Amino acid sequence: MIKYLSGQNLKKFSGKTCLLRVDLNVEIGMPLDSYRLETVIPTVQLLLKNNVRVVLMSHRGRPKGIDKELSLKPFAPIFTRKLRVPIRFVGTLDFKEAKKEIGTSKNEIFLLENLRFLPGEESNNAEFAEQLASLGDFFVNDAFAVSHRANASVAAIVKFLPSYAGLLLEKEVKNLDKAMKSDDHPFTIIVGGAKVSDKLGVVKRFWKKADDFLVGGSPASTFLEAEGMDVGDSLVDAATIPMIAPYLNAKKIHLPNDVKYQSTKILDIGPKTVKEYADVIKQSKVIIWNGPMGWFERKGFGNGTRGIWKAILANKKAHIIVGGGETVTSLKTLYPKPYALSSNVFLSTGGGAMLAYLSGEKLPGIEALR
Ligand code: 3PG
């Protein structure tokens, strides 16, 4: 059974050190960076309130060895500003030295260097995990977004320390479970973004249950090409065409009936499609959305994704899950001013992790906590 973090079970750790896994795999200055940072703050605050010292750890990017560009150092001042508590960056990759530095410091919060600089992280190496574990007295996983990876700081580490799910991980799992188990209808899945292959697991898993699949982005171009339309030079996931064959021409699959081209490439869905999709969203009781409708970052091609957001934000009754880095980023890009996100909408920090969880896969980081 997963043990969730609470004030009650933290009593025994007063004066101790928590190794807190978070996901800082973001580009600084992009909207997702503040979202991923902000969502772990409640866990950090709960730990501090209970007189626990916190050692934050994360990966960033996919470095092959040490890569200064992917250091986590810039996140220390960002976290310091958000938490209003000074954070000490521990730059050494020698865990014995890191232990000394943490042990002799007056700080309450520390941030380790990018764990993927060391090969043991991605190979889920037990010895590496044991050395990492020596830096704390207990472990908390608040990194749902990387829990689909069997990495040492989310999986192997649980063998060496009492382990808990953080407040964010709990929220992610409970919200996704609620949507997955819901018997409310209409049940709508929206897929867009770059690759149809990433979303296929979700389409398969919800094929019987969902009433409507609204398709945009490259998955739409791939479906349209598979149905015989000439999509020019649009981004098509050709290798996936044989796999989508069972879903072609199905009534519950909605494909764009108008699109916006730049030269010979489809870069967005058109206004008629936005209207059709918005009507479905309006009626829906459960909605799961991953992947923008078009290349929203490019001027003139954000209307499809903006239209979907408008419909999502207007539906105050459905249980709505939105995930994927780009989709979350699109909200902050297309609605730069504060927007009202009501409590029925849950923004998942997970991209691949959300899709894997929704597809019914067992996530190593979550299984490890069980
Ligand atoms: C993410 O941003 O989706 C996670 O941090 C996982 O990153 P990865 O795909 O490099 O493992």
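Scaled against the 2.2 N^0.38 Å expected of a compact globular protein of N residues, the Cα radius of gyration of the stretch 182-358 reads 0.94. Here the stretch 15-99 was treated as a single set of alpha-carbon atoms; its pair distances binned every 10 Å from 0 give 15, 51, 30, 4 percent. For Y339, the accessible surface of its heavy atoms amounts to roughly 60 Å² (probe 1.4 Å, protein chains only, rounded to the nearest 10). The accessible-area ordering, largest first, of the residues D211, D233 stands as D233, D211, per a 1.4 angstrom probe. With springs connecting C-alpha atoms under 10 Å apart, model the chain as a Gaussian network and identify which of G350, G300, G120 has the largest mean-square fluctuation. Residue with maximal mean-square fluctuation among G350, G300, G120: G300. Among the protein heavy atoms, those of W309 account for about 0 Å² of accessible surface (1.4 Å probe, every chain in place). Dipole orientation for the stretch 224-370: of the candidates S234, A353, H319, H319 has the Cα lying most toward the positive pole (charges on Cβ; Lys, Arg +1; Asp, Glu -1).
Sorted into 10 angstrom bins from 0, the C-alpha pair distances of the stretch 153-209 split as 17, 33, 32, 17, 2 percent.
How much of the DSSP bridge set in the stretch 182-358 is antiparallel, in percent, rounded to the nearest 5? Given both bridge residues lie in the stretch 182-358, the antiparallel proportion sits at roughly 15 percent. Counted by Cβ distance under 14 Å from K316, the other residues give a net charge of +4, where Lys and Arg count +1 and Asp and Glu count -1. Over the chain, all Cα pairs binned in 10 Å intervals from 0 give whole-percent P(r) values of 5, 24, 30, 22, 14, 5, 0, listed from short to long.
DSSP beta bridges confined to the chain are antiparallel in about 10 percent of cases. Electrostatic tally near D177: other residues with Cβ closer than 13 Å to its Cβ, Lys and Arg +1, Asp and Glu -1, net +2.
Considering only L167, L46, G217, the residue lying farthest towards the positive end of the dipole of the chain is L46, judged by Cα position with unit charges set on Cβ. Taken about its Cα centre, the stretch 260-336 carries a charge dipole of about 220 debye when Lys and Arg each add +1 at the Cβ and Asp and Glu each add -1 at the Cβ.
The local environment of T240, defined by Cβ-Cβ distances under 13 Å, has a net charge of 0 under the rule Lys, Arg +1 and Asp, Glu -1. Rounded to the nearest 10 degrees, what's the angle between the helix 325-334 long axis and the longest principal axis of the chain, both from Cα atoms, 0 to 90? So the helix axis and the longest Cα principal axis differ by about 70 degrees. The order of S284, S134 by accessible area, most exposed first and with a 1.4 Å probe, is S134, S284.
Principal axis extents of the C-alpha atoms in the stretch 5-169 (largest first, rounded to whole Å): 40, 35, 32. Placing +1 on each Lys and Arg Cβ and -1 on each Asp and Glu Cβ, with no other charges, gives the chain a dipole about its Cα centre of roughly 1200 debye.
The values are calculated or read from the model by the stated rules, or taken from the named source; none is laboratory data. In this text the structure is predicted, and so the values were computed from the model without any measurement. Glycine gets a Cβ as well: all are built from the backbone with ideal geometry, and neighbour counts include every protein chain shown. Areas reflect the complete protein model, heavy atoms only, side chains present, ligands, DNA and RNA absent. Shrake-Rupley method; radii C 1.70, N 1.55, O 1.52, S 1.80 Å.
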